[in-house]
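Nothing in this text is a laboratory measurement; each read-out follows from the coordinates by a stated rule. Source: prediction; values computed, not measured. Neighbour counts are summed over all protein chains in view; Cβ atoms, including those assigned to glycine, are modelled from backbone coordinates with ideal geometry.
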Ligand SMILES: Nc1ncnc2c1ncn2[C@@H]1O[C@H](COP(=O)(O)OP(=O)(O)OP(=O)(O)O)[C@@H](O)[C@H]1O
Ligand SMILES: [Mg+2]
């Protein structure tokens, strides 16, 4: 299976501390990974490495067959879709939703071309429909609910038809209904054979969509466990990751976890 991402002995060092600590990790093009770990574990840093937004202090990162540091990140970036709340904050409040999604394509094309305009707008409207946003196409981004904003971010990230899709906490701060709606969309997307490799960061096993296949468990920048969900997402591994005794249950492809209390 072709690889889309390979970390080999990757270290990111800040303030004389390894915030990513000797990580080895491989992602194949048909895999959908979730990264789980407590606050400060290094999840966002790992995603930024995968997005070419950050360079490793040591070790090597290979993305879509390009070795970081030896390739042109400006050619690589359009092939990677990335959605995070840090990026969301940079979207102007008065930008119409259709433009938020369309501008992702402009950055790939590099410059405006008339003949691409219609094709791109058609594609942007199709992507908006896929993420249940078509009725909001003309609305200003700043007027959207949190749930709608998260979906616009994802629509923007998939607009360029990326070969690797990175999502940093796409379901955080959503109410139960909005979370479940987005998890349903993400699950449907993850299960389509044409979907690219996906990596999604979350804090909660409840937020793992159906169709995700693998998990990377991080603590203090180190890999606690990694591999297929069924064998890797276990109560002992979660307990080691979160530093508490965790009980885990699974039902119809979804997970739930809580701390063991009493005896
Ligand atoms: N530029 C930096 N300088 C110093 N420390 C940093 C820097 N960037 C990140 N860190 C630290 O590295 C650790 C990992 O940060 P990171 O944002 O990757 O964690 P995370 O797992 O995404 O956490 P959260 O769940 O809270 O989002 C944190 O302790 C953070 O404070
Ligand atoms: Mg983070």
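When ranked by the protection proxy of mean other Cβ atoms within 10 Å per residue, highest first, what sequence do the peptides 178-186, 161-169 form?
Highest-to-lowest ranking by the protection proxy: 161-169, 178-186.
When a/c reaches 1.5 or more, the comparison of a/b and b/c decides; with that in mind, is the range 1-57 rounded, prolate or oblate per its Cα gyration tensor? Prolate. For the range 28-106, evaluate the Debye formula with one uniform point scatterer on each Cα (no solvent term) and list log10 I(q)/I(0) at q = 0.13, 0.21, 0.25 Å⁻¹, rounded to two decimals. Debye output, listed in q order: -0.53, -1.16, -1.31. Rounded to the nearest 10 degrees, the angle from helix 146-158 to the longest Cα principal axis of the chain is 80 degrees.
Please arrange 16, 85 by how many other C-beta atoms lie within 10 Å of their C-beta, fewest to most. Write out the running numbers ahead of the final one.
Numbers: 16 5, 85 16.
The order, fewest Cβ neighbours first, is 16, 85.
Hydrodynamic estimate: the Kirkwood radius of the chain over Cα pairs, inserted into Stokes-Einstein at 10 °C and 1.306 mPa s, corresponds to D of 83 µm²/s. Compute the angle between helix 176-191 and the longest alpha-carbon principal axis of the chain, please, reported from 0 to 90 degrees and rounded to the nearest 10. Tilt of helix 176-191: around 80 degrees. Could you give the angle, 0 to 90 degrees to the nearest 10, between helix 114-130's Cα long axis and the longest principal axis of the Cα atoms of the chain? It is inclined by approximately 50 degrees. Highest average first, the peptides 217-225, 193-201 ordered by how many other beta carbon atoms sit within 10 Å of their residues are 217-225, 193-201. The relative contact order of the chain comes to 24 percent, based on Cα pairs under 8 Å that sit 6 or more residues apart. For the chain, the 222 nm mean residue ellipticity estimated from helices alone, with every DSSP H stretch of n ≥ 4 adding -39500 (n - 2.57) and the total spread over all residues, rounds to -9500 deg cm²/dmol.
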